1. Once the Cα gyration tensor of the chain is found, what semi-axes does its equivalent ellipsoid get, as square roots of 5 times the eigenvalues, in whole Å, sorted largest first?
2. Quick check on my link table: of K172/K227; K227/K262; K119/K293; K69/K119, which ones sit more than 18 Å apart, alpha carbon to alpha carbon?
3. Using only alpha carbon pairs under 8 Å that are at least six residues apart, calculate the relative contact order of the chain and give it in whole percent.
4. Considering only protein heavy atoms, what per residue accessible area in square angstrom results for segment 55-214 with a 1.4 angstrom probe?
5. Using 7 Å Cα-to-Cβ label points, what is the V48/K172 separation (nm, one decimal)?
6. Of the DSSP beta bridges with both residues in the chain, give the percent that are antiparallel, rounding to the nearest 5.
7. Between D102 and D272, what is the FRET efficiency for a Förster distance of 22 Å, r being their Cβ-Cβ separation, to the nearest 0.05?
8. Helix 74-84 sits at what angle to the longest principal axis of the chain, using alpha carbons and giving 0 to 90 degrees rounded to 10?
Amino acid sequence: RQVQHQVVLSHRLQSKQAMLKEAVRTDVLTITPWLAPIVWEGTFDPQVIDEAFKSYNLTIATTVFAVGKYIRFLHDFLESSEKYFMVGMNVHYYVFTDMPGDVPGNMSLGVGRRLNILKVPKFDRWQEISLRRMELIQNAIEEYIHQEAHYIFCLDVDMRFHGRVGPEALGKLVAAIHPWFYWYTHNQFPYERRSISTAYIPLDQGDFYYQANIFGGAMEDIHRLTKTCREHLEVDKSVGVEALWQEESHLNWYLLKNKPTKLLSPEYVWDDLRGPGAKEIKLVRFSSVIKNKTEIREN
Ligand code: 5GW
Ligand code: MN
């Protein structure tokens, strides 16, 4: 006993990994039943992560839609992203907008970071945007993003970064746990429950409820995800069905059938409407700003 204890102690002093063991979270789930890590503050060492990724010199593509009045969110989104998102890495933003002239031109971007503007039509119906987002991302991956980046993240624009989102978030297929539903059981998740929809998930199935505000991964994986969701959105449209939470419902279907290799805790997709309250949230990294939905969604 005594000897063993000493071995453990000296090992702890020598190894950073062993020290991390001390910090591992016990108040939340940190690994899925299929052995994908769930990233929470305290489950990784930011310096070790940064060091580990440095030599790969990775490029991360980041898509964000700013159509119509949503262009007003872009400045704060980009400004906060430059402060906290994949700092020290190459980041290529792809801003999809109907108003290229209104994209803030005075943003100063870090070394290795670029902003590309892609013009899209102004959609008449708001349903159109959720229908077209997956398609436009799929096409952009096929046309140029696939050669320009190793990983891709797809983000909502009505968001702001408040804390580090670094390479600890990288993986083959990455999704974030919705900040409103993480204590719910799968039968309570707002999945699409009508079997007529391609996003249908029966009451007895489900792992997590993911929020569509942030998802990402390796290029081929996100290409397949956007292609499948786009096809399903179109099939639904052709029979006059719209899933409960549009592309989020289809994303949840896809991730049930194709398990993500890494999950981001709600630290990575918080909602300002929830306030800072929850004690398991040690650090809000990225969160939805409060918006007047009625005002911003009228043409
Ligand atoms: C407009 C009307 C209804 C719903 C969405 C839109 C809309 C969304 C739009 O007019 N312009 C636009 O650029 N978007 C993009 O879709 C933004 O990137 C936005 O962050 C994303 C998702 O729409 P949200 O943020 O309104 O959805 P929630 O579920 O986060 O509130
Ligand atoms: Mn949003």
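The values are calculated or read from the model by the stated rules, or taken from the named source; none is laboratory data. Computed from a prediction, not measured in an experiment: that's the story for all the values here. Cβ atoms come from the backbone with ideal geometry, glycine included; neighbour counts cover every protein chain shown. Accessible surface is based on the protein model in full, side chains and every heavy atom, while ligands, DNA and RNA are left aside. Shrake-Rupley method; radii C 1.70, N 1.55, O 1.52, S 1.80 Å.
1. Sorted largest first and rounded, they come to 33, 24, 18 Å.
2. Too far apart for the 18 Å limit: K227/K262; K119/K293.
3. Working: 511 pairs, mean separation 63.1, N = 299.
After rounding, I find 21 percent.
4. Value for segment 55-214: 43 Å² per residue.
5. Calculated label separation equals 2.3 nm.
6. On the way: 14 of 42 bridges.
Antiparallel: roughly 35 percent of the beta bridges in the chain.
7. E between D102 and D272, to the nearest 0.05, is 0.40.
8. So the helix axis and the longest Cα principal axis differ by about 20 degrees.
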